[in-house]
Amino acid sequence: MTNHQAPQQASQHASIRKRNATSWKPGQTGNPYGRAGSPAKQALKAASIAEAEERLCKAILGDLGNDLSPWEAALVKVAAEQLAQAGRAQHGETKVRLTRSAMSLVDRVRSTVTARQPAPSLWGDE
């Protein structure tokens, strides 16, 4: 390679690099959301998430009782979803926020259930 050919090859490489340039930063992959994974792996993950939510929902219902209105059952389901999401969260702040929100929902349902139950009579069976 002579001195005359070196600048010519460098300009060719620069034009090729310019054509292949993207708006991504150095080190960023072509898929900013990450690898999708196989459908079987995604289905397994979704099934395990649903199973965890179901277990949490049953545990909360066991604590509150099964005679809930549809609105209260929906709140319990949302609370179970939030607790499951808190278990998967990466950051501590997110875990705390989700857990507190779920416990607030459970407390709200608990207060409506106890308010709906009649108070025990002071005089026995009247």
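Any read-out appearing in this document is the output of simple, stated calculations on the displayed coordinates, not a laboratory observation. None of these values were measured; they are calculated from a predicted model. Backbone-built Cβ (ideal geometry, glycine too); neighbour counts: all protein chains shown.
General observations
- Charge-dipole axis of region 38-117 as Lys and Arg at +1 and Asp and Glu at -1 on Cβ define it, positive-most pick from Pro70, Thr114, Gln42: Gln42
- Environment charge of Ala79, counting only residues whose C-beta is closer than 12 Å and scoring Lys/Arg +1, Asp/Glu -1: -1
- Against the empirical curve 2.2 N^0.38 Å, the C-alpha radius of gyration of region 38-117 lands at a ratio of 1.21.
- Here Lys41 is the anchor, and the aspartates and glutamates within straight C-alpha reach of less than 19 Å, apart from those fewer than 8 places off in the same chain, are Glu51, Glu53.
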